[in-house]
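Here the structure comes first, spelled out in structure tokens, and everything after it is commentary.
The values are calculated or read from the model by the stated rules, or taken from the named source; none is laboratory data. Please read all numbers here as calculations on a predicted model, not as lab measurements. Quick reminder, even Gly has a Cβ in these numbers, built from the backbone with ideal geometry, and neighbours come from all protein chains shown. Just so you know, the surface numbers come from the protein's heavy atoms only, side chains and all, with ligands and any DNA or RNA stripped out. Shrake-Rupley method; radii C 1.70, N 1.55, O 1.52, S 1.80 Å.
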Amino acid sequence: MMTSIYLVAIAAEAMSGALAAGRRNMDIFGVAVIAFVTALGGGTLRDLVLGRFPVGWTQHPEYVYLVISAGLLTTLLAPMMHRLKHLFLVLDALGLVAFSLIGCNVALTLHYPPVVVVMAGMITGIFGGILRDVLCNQVPVVFRRELYASVSLAVCLLFLALRTAGAPPDLNTTLCFAGGLALRLLAIHRGWQLPTFSYRQRWE
């Protein structure tokens, strides 16, 4: 099940990356690059940080074909993408939870301590979007909209807590998916946000 969700998630993330590239009037090559970075950038960075080689997608070239194809397909479907907004929000939420859990599992298999496991989950969950926004020259969305990075953090902490409590892996995954998805969708629906910090006074 996790693999199927992962494939759907990277395709959806690739499409969101392509749309971001389109808003910056990038050419087709730029669209493909942003789609790839958005979908697979978080996992790539996680593997580099953890010293996990070879990097995941290099062993699964079909992932590359999938995300590039999804990105390029988006250029054709763009006129109707606004109709799929709600579907994208659900897929994005699923992807956030799936990526976070995958990151945690990767770090656990490498026997890293809990704090590194949590960071690995968050890197996998949110850094594709951060890289997308940085390359598109804008403040990352994950830092300025409804709860997003904090959802990843909550999922990672819940996953570790249930694991420590001895919950069966399948039950742990199911509870984390349900809880993470519910929290993210409620945050979107109700506009939940963390407090913001604004500082405008000049130093010089």
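Spin-label pair Thr58-His82: with each label point 7 Å from Cα along the Cα-Cβ axis, the two points sit 4.3 nm from one another. The stretch 70-146 and the stretch 2-35 have Cα centres lying 11 Å from one another.
For the pair the stretch 164-202 and the stretch 40-59, the centres of their Cα atoms are 24 angstrom apart.
Consider the candidate values (1) 0.98; (2) 0.95; (3) 1.01; state which one is Rg/Rh (Cα atoms, Kirkwood Rh) computed from the structure displayed. Evaluating Rg/Rh (Cα atoms, Kirkwood Rh) on these atoms matches (1).
Per-residue SASA remark: Trp57, around 80 Å² accessible (1.4 Å probe; ligands, DNA and RNA not included). Accessible surface calculations at 1.4 Å, restricted to protein heavy atoms, place the stretch 21-70 at 54 Å² per residue. Counting only protein heavy atoms and using a 1.4 Å probe, the accessible area of Phe53 comes to about 140 Å². Each of Tyr6, Tyr65 has its accessible area taken with a 1.4 Å probe; listed largest first, they run Tyr65, Tyr6. Among the protein heavy atoms of the chain, carbon and sulfur supply 67% of the accessible surface, probe 1.4 Å, non-protein parts ignored. Looking at the stretch 154-204, the trypsin sites (Lys or Arg not before Pro) that sit in a DSSP loop and have at most 13 other Cβ atoms within 10 Å of their own Cβ are Arg200, Arg202.
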